[in-house]
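What follows is one structure encoded as structure tokens, with my remarks underneath.
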Amino acid sequence: MVRRLAIPIGKEQGATLVVWLVALGITAVFLWLLSNVIWQGGQAVNGTFLTQAPAKAGLEGGIAPILVSTGLVLGVCMGVSLPLGLGTAVFLSEFNPQRSHRVIRLSLDILAGVPSIVFGLFGNAFFSKVLDLGFSILSGGLTLACMVLPILIRSIQVGLVNVPREYRQAAAALGLSRLGTLKTLILPAALPGIAVGVLLGIGRAIAETAALIFTSGYVDRMPTSLLDSGRVLSIHIFDLAMNIPGGEQNAYGTALVLVILLILINTLVSWLAERFRQSKLQIL
Amino acid sequence: MTSPTLSPPSLTADHHQPPSVRVEQLSLRYGRKVAFANVDAQFRAGQITALIGPSGCGKTSFLSCLNRLHELTPKAQLFGQVYLNDCDTATIPLTPLRRQVGMLFQKPNPFPLSIYRNLAFPLKEHGICDRTHIHHIIETTLTDVGLWTEVKDRLKAPALSLSGGQQQRLCLARALALKPQVLLMDEPCSALDPLSSEVIEDLIVRLKGTYTILVVTHNLGQASRIADDVAFFWVQHDVGQLIEFGSAQEIFTHPQDPLTAAYVSGRRG
Amino acid sequence: MTSPTLSPPSLTADHHQPPSVRVEQLSLRYGRKVAFANVDAQFRAGQITALIGPSGCGKTSFLSCLNRLHELTPKAQLFGQVYLNDCDTATIPLTPLRRQVGMLFQKPNPFPLSIYRNLAFPLKEHGICDRTHIHHIIETTLTDVGLWTEVKDRLKAPALSLSGGQQQRLCLARALALKPQVLLMDEPCSALDPLSSEVIEDLIVRLKGTYTILVVTHNLGQASRIADDVAFFWVQHDVGQLIEFGSAQEIFTHPQDPLTAAYVSGRRG
Amino acid sequence: MSRFKSEAIWRILLQILALCSGAILLLVLGFLIWETLPILRTISLNQFWRDPGWHPSEQAYNLTPMVMGTLGVTIGAVLVATPLGLLSAVFCQYYAPAGVSQLYRRLIELLAGIPSVVYGLWGLVVLVPLIAKVQPPGSSLLAGILILALMILPTIALVTDASLASLPSSYWRGSAALGVGTWATIQGVCLPAIRSGILTAVMLATARALGETMAVLMVCGNVVQVPDSIFAPVRTLTANIALEMAYALDLHRSALFASGLVLMLVVTGLVVVTDPWTDSPEG
Amino acid sequence: SSLQASSSDNAPQKLVITGSSTIAPVASEIAKRYEAQNPQVRIDVQTGGSSRGIADVRQQVADIGMVSRAAKPEDQGLNFHTIAKDGVVVIVHRDNPIQRLTRQQITDIYTDKLNNWQDAGGKSQAITVVNKAEGRSTLEVFTKHFQLKSSQIKADVVIGDNEQGIKTVAGNPLAIGYVSVGAAKVNVEQGTPIKVLPLEGIQATAQTVRDGSFPLSRPLNLVTQGPLNPQQQKFIDFAQSSQVKDIVQEQSLVPVQE
Ligand SMILES: Nc1ncnc2c1ncn2[C@@H]1O[C@H](COP(=O)(O)OP(=O)(O)OP(=O)(O)O)[C@@H](O)[C@H]1O
Ligand SMILES: Nc1ncnc2c1ncn2[C@@H]1O[C@H](COP(=O)(O)OP(=O)(O)OP(=O)(O)O)[C@@H](O)[C@H]1O
Ligand SMILES: [Mg+2]
Ligand SMILES: [Mg+2]
Ligand SMILES: O=P([O-])([O-])[O-]
């Protein structure tokens, strides 16, 4: 026993051991977290969880209005940010003289890194108060739109930039118009990259909590218009976990629903990314 | 790997005498970096000129000024004039200029579309919309580059599924379809295996007379086989310079400049 | 771009006669795809053998079996034996095997470290830790490849800031620093301009005798200039085959096989 | 020549969209500054670190404890997550068998997408009681560091993994051909070669940790104090905004906007300072 | 404000009520009954603390605020409408052997002079002090009574809503906190593991809170700014009427109507 331990472990073997241990450790912790969510959440989620309104501050009933509010907030967010983001990204990469690119890129990087609570501050002051939208799905969605806009622009830009330079060069050498090149070559080639960017934006928006507390509020009833306050999934989790004694179970249930939604989005992202990679390989 | 059958060139029919290309005091800089400076030269109409010189001496940059492709690089600044016959290219709108001056790149770069659309798309963009007319042009040019028999049954297949040599010939056909008068080629064979390059080389020779052709090549053997004239570039003080310009005969056998002599004698291939 | 001054080879001093390389019934497959099959050959000790053949015939794959670099490709499966003199390489641990069999790649691939560390890092990994000793080896090998005068004042500069030819010489120096006995080179000049390739070619010739050298090349001119022996590969039934092996003289003037004859006569460069 | 007309129309349309985006983003910045002005006009900047504490009702606006809290959890989390994230990426690229590496990457990708409230929930229900067993109350700097480290680890691992994957295989082959071992190559060639990728990863992770609100709000205890031990509860700038924004009026509200602006400035500094060394897809 | 309900009767109308977490549960129940009687009205109730109620009403984000303390001089311009009475009680975990704490002991615990349960008659364990966040009336009522400044309090955990305080204490056997009587009693009935301590020897009951003998009692108010519109008037009248007495009592609060 002792002898065997005394055998000096070489640098290579030592490194292999450490790397495997780290990977196993991380896997264990993350599986712990995931199994916790799945196990606890699985007990809360049943047939009616998705179709009922919450009762007794969420201790009983389900999350139907919360799902609807989440969908509406997301819809407002993407409905506003997508056209703006797409248009801006296309303009910046295809039409703008590249001189200003560094400044724009830097500003977008900064804005993409700004804490979401800061957007929450802005949304509360501007949409809820100055524009008088109050606590409403509309002001929440618009706040999120501001938040995801830089992310969208940046990732769509990356998608466009990753289109091989040769296409543009070849098209230019043939004297083709920029619009024709854009429509026939660049956008189709960049489409998977753009889709990835859009889904990243959705993923970010659907998980957001801090920016929504002071904008869309947390009324847990079925919204009847975009001017109603609506509670999104993540706020419901937060509220159940923090403020409701005995709320953990349903918090986990809601978390499970949210995680499954995100997995669906994630799968879509990696599926598209994979197709993107393959199409790129084909080009090479 | 199979040697394609070549049909006789059919393009001569609708071509007049191509223009000569003349540059005066041409210089190009990328920001601070001067790619090449003060180049004066006249490239003879209907002849093949080979541009040779070590890596980084500005051959690619020089070519790109002739169809104003350098304008794609934001920080590139051009000085001096380029004339087609006696027409200053700066005064020609981009679209007709680039239609007149075709270009072939080092790496075959077909669009990620079908073989057919690779040729049809630029034609449509240039206002040729009649389907039978397009089809006719496609068949003629593909025949010219010896690709028609190889691809006529799979025109809808993606262009990227062709082999390297076939892709390069497709790119040549794409340029020829627009009926240019000048052809710029930047190391058109360097990415290809010896058999494919032979095919392209033969094609270039066959295009002589119909087009004014400028070819950049690293391969001195190739230059000596195909070129009428040779332009030799070299980097001096970090700036590309045209050191010597003359007939291929002259440059390869009696170079005037000692640099040229050293470079072409380094040729052993 | 400046022609480096070459010092006489200093490496001969601490070298014995290099080993011969012999392969027996060597085949390599990538999953289903057979790269080459049933190759038997003996590469003479201290001589230069050129491997020629069209693209995809398995030359690179063949080289990679000799230092077991194919093991980096997960699905690669090797059959047959490789011997250094009479020692089966499968029985030699990887580290000493690869130290004994150096390799130079088609594209110069210096590490993204300083020039100095590019050479010092592998030495340290092979247990040479004395700084003055390392410094001595670096100076000697850089001198051998004619790079010392060019870089001695900027050893701390990133290796990637060197020109292509300089990078390739650095990679050669990196391989030589480990004092290998066999050198494998995969198209060492194809990414370089004519002047840089001339320098490398001269170097290869100077290394003859001290190392057993195998060079893959597309350039038949180069093969005829430097090689003692030539191995000609060709793809038959989708599988790479060694078609003919013989002295350079023989292969280029009296090839036995009609395929070889067709290939070497296609040479025009 | 309708082709040129339609191109011009499109150009104008896109330009309008781009201007809108620009205007919106400027509006965000302008508004934050506008809302901050009142407090900057009334009190001197010194007071943000000289006042006896954070008691807006008593006109004391010392931000130091919150700044310390933010720095504490952020730096702690980055220090914990960086080595683990790097080794994770190395594991994926070079040590794990193909199938395992794919699975592991999926797991990490999945976790990168899990919302912070879920980490917070888990921290609150599982981690905090565990820490409380060692040293009550459990809600502490340590809990914040651990939860944040878990949250940013996937970011670091994925970005590093992508940089490693983009390394040309020629380095690896070159190194193998010299008989250099796996770990030696990783340590000597691969990691130095992706320095800028690692910096990008750490920068992204730091920005995320700095800006995280809900998870820290749930596990840190939210006491306004400069932490004296790793088990002490802390309040971060973000948590402070989330806790007090609802009712803050006048100067208090303005002070919260000021702390939002501080966060934004820190992120700006981080991006600008590291920009020359980070990877950008546009090169 | 566009949020202010329009006076036309058939158009859908909306009332936004925000503020005290003490009042929110009872206000939601009252709102539900009110909506049942007036189907065209929709009432949104959100918590966040009494100060939020005041802030939102002042900024016209909410139509009605909820404030769980009596009016103060700085509340000028606001109208307070009391709908119930409540107290503030000190709570500990159910397993904590402590049965009572003196005024001095509580002061000492909250100022960190006393930081082990042993010194208050319990086991030798550190005390986890749970304090309310600034902006909460419960905190103001508590500090005023014990003559503390909020800057003197040395807390281990800072909580917002009453429910969060109860949850924190229920989850930590070493904790001490203070919350609304109503919230505490409702939770005790539901079996949440907390214990309500008497204050200065007096138990918090409906009786002691109503007659003011319980030292920490306070009114629960709805707050408005400016003249009431019919909509606000109607709801406030309803909330003060005997129609909701049962709801108030159910929440363990004391109705204003006898
Ligand atoms: N976009 C650019 N920005 C800055 N410098 C550039 C750019 N393109 C080329 N250069 C520089 O200009 C000089 C000439 O480059 P060019 O590509 O024209 O050389 P070349 O003769 O074509 O070389 P090669 O034979 O390697 O293709 C080189 O020093 C190169 O580094
Ligand atoms: N990793 C791999 N997986 C599958 N097939 C491979 C792999 N590497 C090479 N091949 C195939 O094996 C055959 C031989 O390839 P190899 O690279 O050895 O050819 P080569 O003679 O070096 O060609 P070239 O002159 O183009 O370098 C080719 O058909 C190639 O497609
Ligand atoms: Mg070039
Ligand atoms: Mg090869
Ligand atoms: O939420 P409060 O009732 O304490 O203001």
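Annotations
Residues are listed down the side, and each one gets a yes or a no for (1) within 14 Å of chain A (Cβ to nearest Cβ); (2) touching a Lys or Arg at 6+ places or on another chain (Cβ under 7 Å); (3) part of a helix (DSSP H, G or I); (4) more than 30 Å from E:LYS132 (Cα to Cα):
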residue: D:ILE16; (1), (2), (3), (4): yes, no, yes, yes
residue: D:VAL28; (1), (2), (3), (4): yes, no, yes, yes
residue: D:ILE33; (1), (2), (3), (4): yes, no, yes, yes
residue: D:MET66; (1), (2), (3), (4): yes, yes, yes, no
residue: D:VAL73; (1), (2), (3), (4): yes, no, yes, no
residue: D:PRO83; (1), (2), (3), (4): yes, no, yes, yes
residue: D:VAL90; (1), (2), (3), (4): yes, no, yes, yes
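- Residues that are in contact (Cβ under 8 Å) with a residue 60 or more places away in the chain and either among the hydroxyl-bearing types (Ser, Thr, Tyr) or farther than 30 Å from C:GLY31 by Cβ (or both), drawn from segment C:233-263: C:ALA248, C:TYR263
- Of all residues in segment A:223-246, those that are within 12 Å of chain D (Cβ to nearest Cβ) and buried (at least 23 other Cβ atoms within 10 Å of the Cβ) total 11.
- Looking only at segment C:40-79, and only at residues there that are near ligand 2 (Cβ under 7 Å from one of its atoms) and β-branched (Val, Ile, Thr), the one that is nearest to C:VAL21 (Cα to Cα): C:THR60
- Subset of segment D:236-255 (residues that are open to solvent by less than 10 Å² (accessible area, probe 1.4 Å) and in a loop (DSSP other than H, G, I, E, B)): D:THR236, D:MET245, D:ALA248
- Leading residue by the ranking (farthest from ligand 4 (Cβ to nearest atom)) among those in segment C:175-200 that are part of a helix (DSSP H, G or I) and open to solvent by 10 Å² or more (accessible area, probe 1.4 Å): C:LEU195
- Cβ separations smaller than 9 Å between residues 6+ apart or across chains give the following pairs from segment B:27-48 residues that are within 14 Å of chain A (Cβ to nearest Cβ) to residues that are away from ligand 5 (no atom under 16 Å from the Cβ) and among the aliphatic types (A, V, I, L, M): B:TYR30/B:ALA76; B:GLY31/B:ALA76.
- Matching residues, segment A:144-200, being basic (Lys, Arg) and buried (at least 22 other Cβ atoms within 10 Å of the Cβ): A:ARG154
- Candidate set: segment C:101-122, residues that are hydrophobic (A, V, I, L, M, F, W, C) and in contact (Cβ under 8 Å) with a residue 60 or more places away in the chain; chosen: the one nearest to the other protein chains (Cβ to nearest Cβ): C:MET103
- Qualifying residue in segment B:180-191 (condition: within 16 Å of ligand 1 (Cβ to nearest atom) and either on the phi > 0 side of the Ramachandran plot or in contact with a Cys (Cβ under 9 Å, 6 or more places away or on another chain) (or both)): yes
- Segment E:32-59 - residue that is more than 9 Å from every other protein chain (Cβ to nearest Cβ) and surrounded by 22 or more Cβ atoms within 10 Å (Cβ to Cβ) and, of those, nearest to ligand 5 (Cβ to nearest atom): E:VAL57
- Number of positions in segment D:202-228 that are open to solvent by 10 Å² or more (accessible area, probe 1.4 Å), β-branched (Val, Ile, Thr) and facing chain A (nearest Cβ under 10 Å): 1
- Lone unmet requirement of (1) farther than 25 Å from D:ILE241 by Cβ; (2) modelled with pLDDT under 90 for E:GLN164: (1)
- Unique residue being in contact with a strand residue (DSSP E or B) (Cβ under 7 Å, 6 or more places away or on another chain) and buried (at least 20 other Cβ atoms within 10 Å of the Cβ) when the list is A:PRO65, A:PRO54: A:PRO54
- Of the criteria (1) touching a His at 6+ places or on another chain (Cβ under 8 Å); (2) away from ligand 2 (no atom under 16 Å from the Cβ); (3) of a type in the set (Gly, Ala, Ser), which one C:ALA227 fails: (1)
- Of all residues in segment A:248-275 being within 14 Å of chain E (Cβ to nearest Cβ) and surrounded by fewer than 24 Cβ atoms within 10 Å (Cβ to Cβ), the one that is nearest to E:GLY171 (Cα to Cα): A:GLU248
- Filter result for the condition that a residue is at pLDDT 90 or above and assigned to a helix (DSSP H, G or I), over C:PRO96, C:PRO122: C:PRO122
- In segment D:109-121, the condition of being touching a Ser or Thr at 6+ places or on another chain (Cβ under 6 Å), β-branched (Val, Ile, Thr) and within 11 Å of chain A (Cβ to nearest Cβ) is met by at least one residue.
- Qualifying residue in segment D:93-101 (condition: closer than 30 Å to D:LEU249 by Cα, facing another protein chain (nearest Cβ under 9 Å) and open to solvent by 10 Å² or more (accessible area, probe 1.4 Å)): no
- Positions within segment C:21-65 being outside any strand (DSSP E or B), buried (at least 21 other Cβ atoms within 10 Å of the Cβ) and either within 16 Å of ligand 1 (Cβ to nearest atom) or among the small types (Gly, Ala, Ser) (or both), in sequence order: C:GLY53, C:GLY58, C:SER61, C:SER64
- In this structure, B:SER27 does not qualify as small (Gly, Ala, Ser), modelled with pLDDT of 90 or more and under 16 Å from the mean Cα position of the chain (by Cα).
The rows are residues; the columns are (1) within 25 Å of B:PRO188 (Cα to Cα); (2) within 10 Å of another protein chain (Cβ to nearest Cβ).
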residue: B:THR73; (1), (2): yes, yes
residue: B:CYS87; (1), (2): no, no
residue: B:ARG99; (1), (2): yes, yes
residue: B:LYS124; (1), (2): no, yes
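- Restricting attention to segment B:141-160 and to residues that are surrounded by 14 or more Cβ atoms within 10 Å (Cβ to Cβ) and more than 20 Å from the chain's Cα centre (by Cα), the residue that is farthest from A:GLY175 (Cα to Cα) turns out to be B:GLU150.
- Note on segment B:192-233: among residues that are β-branched (Val, Ile, Thr) and within 23 Å of C:ALA191 (Cα to Cα), the one that is nearest to ligand 1 (Cβ to nearest atom) is B:VAL216.
- Residues satisfying the stated conditions in segment C:230-263, i.e. among the aliphatic types (A, V, I, L, M) and away from ligand 2 (no atom under 16 Å from the Cβ): C:ALA248, C:ILE251, C:ALA261, C:ALA262
- Residue check, B:VAL235 at pLDDT 90 or above and within 16 Å of ligand 3 (Cβ to nearest atom): no
The values are calculated or read from the model by the stated rules, or taken from the named source; none is laboratory data. Computed from a predicted structure; not experimentally measured. With ideal geometry, Cβ positions are generated from the backbone for all residues, glycine too; neighbour counts draw on all protein chains shown. Heads up: the accessible areas ignore ligands, DNA and RNA and are worked out on the full protein's heavy atoms, side chains in. Shrake-Rupley method; radii C 1.70, N 1.55, O 1.52, S 1.80 Å.
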